1. Under 6 Å between Cβ atoms, at least 6 apart or on separate chains: pull out the pairs that start in the stretch 88-116 with a residue that is farther than 25 Å from R67 by Cα and end on any residue that is among the basic types (K, R) and not in a helix (DSSP H, G or I).
2. Only one residue in F153, F140, F117 is closer than 21 Å to V75 by Cα and in contact with a Gly (Cβ under 9 Å, 6 or more places away or on another chain), so which one is that?
Amino acid sequence: MVENGAKWGIIAHFSLIFEVKWGNQNKCSISSQPLETPDKQLNNMFLGEYTHTIDDKGRLTIPAKYRGALAAGLVVTRGFDQNLMLFPLDGWQELAERIAQRPLSDEDVRAFRRRVFSGAIDLTPDRQGRILLPPYLRDFAAINGEVVIAGMFNYLEIWSTDAWQSVRASIENNADAARWEDLGI
């Protein structure tokens, strides 16, 4: 594209729109602004609860609201509470880099790496926004049929409906402010 002798382009990436302009003398300027959406949804955050069904082939449909953010790919791994964790690629990369900075001589770090990385799989949603969850992950989380996809700010959790109801009830039964005071939130 050419505008007043300068080439330019616009790139949208998850929560920002980057505008790149190449001017005369091959000088480049880059600016960014928050991506505005018609429904003013919060960008870069996974929020809410969604009930979806895993089909007979093991495919799970990603909530429509998040398909654009996950279209380039995602990573699913074992969670810590008999659930699965689903990360966008950039979120997974950040987690992997933080883990990689920890010393391999630390036994807990090695155990954490084994837990998180050995159970992980990178996936790309199909045109209908579905991902194929491998049997080992479905078995781990005891999920088939109806599942709950729960937003956890920077990632999603996938739960069997029964397990999610149990966890949610436990949280609600113990939801007093004093319990969470020490979190510093």
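1. That search, which allows pairs on different chains as well, returns V109/R102.
2. Testing whether each residue is closer than 21 Å to V75 by Cα and in contact with a Gly (Cβ under 9 Å, 6 or more places away or on another chain) leaves just F140.
Yes/no matrix, rows are residues, columns are (1) out of contact with any strand residue (DSSP E or B) (no Cβ under 8 Å at 6 or more places or on another chain); (2) modelled with pLDDT under 95; (3) not aromatic (F, W, Y):
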{"site": "F87", "(1), (2), (3)": "no, no, no"}
{"site": "D108", "(1), (2), (3)": "yes, no, yes"}
{"site": "I131", "(1), (2), (3)": "no, no, yes"}
{"site": "P134", "(1), (2), (3)": "no, no, yes"}
{"site": "D139", "(1), (2), (3)": "yes, no, yes"}
{"site": "V148", "(1), (2), (3)": "no, no, yes"}
{"site": "W159", "(1), (2), (3)": "no, no, no"}
{"site": "W164", "(1), (2), (3)": "no, no, no"}
{"site": "A175", "(1), (2), (3)": "yes, yes, yes"}
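The values are calculated or read from the model by the stated rules, or taken from the named source; none is laboratory data. Not measured: the values here are computed from a predicted model. Glycine also receives a Cβ, built like all others from the backbone with ideal geometry; neighbour counts cover every protein chain displayed.
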